[in-house]
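The structure appears below as structure tokens.
Quick note: the coordinates plus some simple rules give every number you see, no bench work behind them. Predicted, not measured: the structure shown is a model, and the values here were computed from it. Cβ coordinates were reconstructed from backbone atoms using ideal geometry, including for glycine residues, and neighbour counts include every protein chain displayed.
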């Protein structure tokens with residue numbers, strides 16, 4: 001880790017650069033180990049919390065402490081800074097204008113927002129007078145998280161361009177001391193090649209790609225205080241210090257987020273805010289220091305996590321990769337408590353699969369709040385009334401949590417509030433569906449198959465009339481699934497749009513989907529978040545089990561692999577084969593990906609299934625059976641599906657490939673014979689009395705056939 005002695009910069013020069021770092025421990029460590037890549041010197045000084053005058057003096061002094069190779073970059077930085085300050089000091093009404101805005105930290109926006117201004121002024125002197133007067137007028141105000149933003153527009157910016165864009169943007173303390181500069185002079189068009197030194201980009205540290213070293217290790221809690229250009233203080237915990245990984249940014253941290261619960265980022269680039277990155281938020285490294293004091297409530301998760309990381313530094317990689325925890329604010333699974341365990345049996349009843357339900361009951365599985373709510377939402381057999389009751393029980397008995405997904409997919413900062421929104425939304429949808437208006441209602445019996453169209457009854461002018469007609473029209477049919485459709489009268493553009501509501505045999509509402517709803521007025525549907533969730537809920541199934549979708553034994557599958565299995569589990573479940581090696585190789589990475597970014601489309605198993613039409617004997621892939629709907633297939637397989645028995649024996653190593661091929665042909669022929677025999681009996685069954693031997697090969701034919709002639 002130690003860098004070689006740098007012969008192109010003196011120790012005095014290195015000390016000058018490192019003086020930008022506040023913490024003594026970090027400053028000494030950086031002085032010893034920091035490399036000085038081209039551009040880093042200007043970048044570190046330019047992004048620091050020194051004033052622009054101090055930065056200019058430091059660059060001029062540093063110019064004397066470096067070789068000519070470094071001097072060129074410093075000269076460019078000085079030229080850029082001097083020309084920018086010259087423009088600011090000499091601006092006047094005829095050549096440009098300044099817009100001065102007060103920037104104040106906003107708790108709602110979780111970042112800085114304009115709280116007053118912009119105030120147009122014609123000179124730098126007028127701007128200084130305005131800033132001083134503004135602060136003097138309110139001497140009791142706390143300005144610790146406030147600063148001035150000063151935009152300089154030239155006459156060309158204002159009059160000669162289709163959209164006014166400031167040439168220069170400065171940031172100053174509330175006392176008027178200039179600290180940061182954002183030079184936009186060479187960014188006139190989005191496609192123009194830019195050739196300038198962004199040394200004053202405050203939220204970066206060092207040149208791009210340069211390795212930097214800190215004295216901190218996984219488990220250390222770091223305090224960051226970038227005020228007045230940031231809210232402070234902030235706290236992060238070091239998860240990884242992988243100096244060989246450019247992707248992680250060398251020091252990878254976790255920190256609290258009001259949006260995502262817990263978020264992660266690298267120490268050099270992140271400003272650890274929930275809002276957008278601000279040009280003038282300094283890199284954490286300028287003020288970061290090791291911290292052992294009291295923590296705010298949203299950082300309490302760091303305490304036990306710190307102990308785990310100090311005991312096992314590799315735990316940080318597992319944590320950030322998602323292989324240890326996901327979804328909830330707690331960095332590890334904890335017992336939900338006695339009140340949650342009291343409703344555990346109620347939650348289990350929402351599982352449609354009796355086999356998964358029994359397995360979770362046997363192992364005493366404890367649901368997290370988010371898992372329990374997800375299971376309630378995914379039930380296909382419980383009425384909506386029962387789901388609402390289940391969600392309310394979760395709110396009343398299970399702990400609140402924050403649920404977050406990496407990569408910004410979605411976030412639930414307060415799960416109890418989310419469930420209340422879900423309940424409110426489901427009730428609103430039903431009320432809107434029943435609401436009389438410019439709609440007509442139709443219904444259809446979906447008992448046979450939800451995907452097949454049957455007889456459509458209607459129209460009816462109200463939901464009540466439609467509901468009453470269902471039981472009159474289908475009285476002798478004993479329907480188990482009815483779909484009511486609501487279509488608008490005289491629709492505008494969406495003439496295909498229709499709202500749908502599903503009823504069970506008791507007339508209870510199972511689901512309601514609204515297409516003709518004003519989202520701007522009614523708001524977004526919160527239930528979509530359930531589709532973006534992923535959980536590795538334990539199941540009792542093993543490779544080689546023949547399973548099926550709950551209630552559909554006619555479409556069986558031979559289980560080979562599950563997306564919740566680790567590499568070790570795959571190796572234990574499958575016999576040696578090329579398939580096992582390929583599946584095991586990617587299992588841990590795939591599981592980690594799903595825990596970080598999976599959704600319900602990833603909650604499926606891999607297996608072997610019969611394909612229709614029978615172009616191939618079997619199909620190996622991802623059959624359409626949702627993870628929580630899987631159950632053991634307990635009925636004898638159809639002739640064409642019996643090949644699954646052979647595939648199981650082949651994977652177990654007891655059946656040779658030649659025998660498997662022979663079995664495939666045998667079962668296919670048996671299935672064909674059976675189908676043709678059934679067709680023959682259906683069409684010519686009247687001959688069974690006269691010619692029983694046609695239908696039963698155990699009956700001997702008569703010695704002499706009787707014919708019309710005889």
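For this structure, a couple of remarks:
- In this structure, residue 555 and residue 294 have a Cβ-Cβ separation that, at R0 = 41 Å, corresponds to a calculated FRET efficiency of about 0.10.
- A Förster radius of 51 Å combined with the Cβ-Cβ distance from residue 601 to residue 680 puts the calculated FRET efficiency at roughly 0.70.
- Stretched out straight at 0.36 nm per residue, the stretch from residue 138 to residue 469 would grow longer than its current Cα-Cα span by 111.9 nm.
- Label-point gap, in nm, between residue 303 and residue 90 - each point 7 angstrom along Cα→Cβ: 6.1 nm
- Given their separation in residues at 0.36 nm each and the Cα-Cα distance between them, residue 579 and residue 515 gain 18.6 nm when the chain is fully extended.
- Expressed per residue, the C-alpha convex hull volume of the stretch 547-710 stands at 165 Å³.
- Length gained on full extension, residue 76 to residue 184: 37.3 nm, using 0.36 nm per residue less the C-alpha separation.
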